[in-house]
Amino acid sequence: MQDKYLMENVLYASKVTNDLYMHAVIESSNDKVMLLFNKVLQDCLKMHNELYKEMEMAGMYTAQNIDVNK
């Protein structure tokens with residue numbers, strides 16, 4: 001249970017970090033800064049996805065499928 005709690009906190013922190021970098025990309029003052037923040041954002045999103053997959057494989061995080069016909 002301790003591992004699940006820790007991983008959930010890391011996943012949450014990753015979401016917050018991704019949000020901050022997304023706003024940094026949007027509000028960049030020039031193209032060079034935007035490209036830098038965009039690269040960092042893409043790296044963070046990749047890490048977030050890998051963390052999610054690890055949690056899902058360990059049974060720590062389950063997503064429900066939705067019926068697209070509703």
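The values are calculated or read from the model by the stated rules, or taken from the named source; none is laboratory data. Being a predicted model, the structure only gives us computed values, none of them experimental. The protein model used for the area step is the full one, side chains on, heavy atoms only, and it has no ligands, DNA or RNA in it. Shrake-Rupley method; radii C 1.70, N 1.55, O 1.52, S 1.80 Å.
Ligands, DNA and RNA aside, Lys46 has an accessible area near 130 Å² when probed at 1.4 Å. Here the contact order of the chain, divided by its residue count and restricted to Cα pairs under 8 Å and six or more residues apart, works out to 30 percent. Between (i) 11.2, 33; (ii) 11.0, 30; (iii) 15.4, 45, which entry matches Rg and Dmax of the Cα atoms in Å as derived from the coordinates of this structure? The value matching this structure is (iii).
Within the accessible area of the chain, the carbon and sulfur atoms contribute 58%, probe 1.4 Å, all protein chains present.
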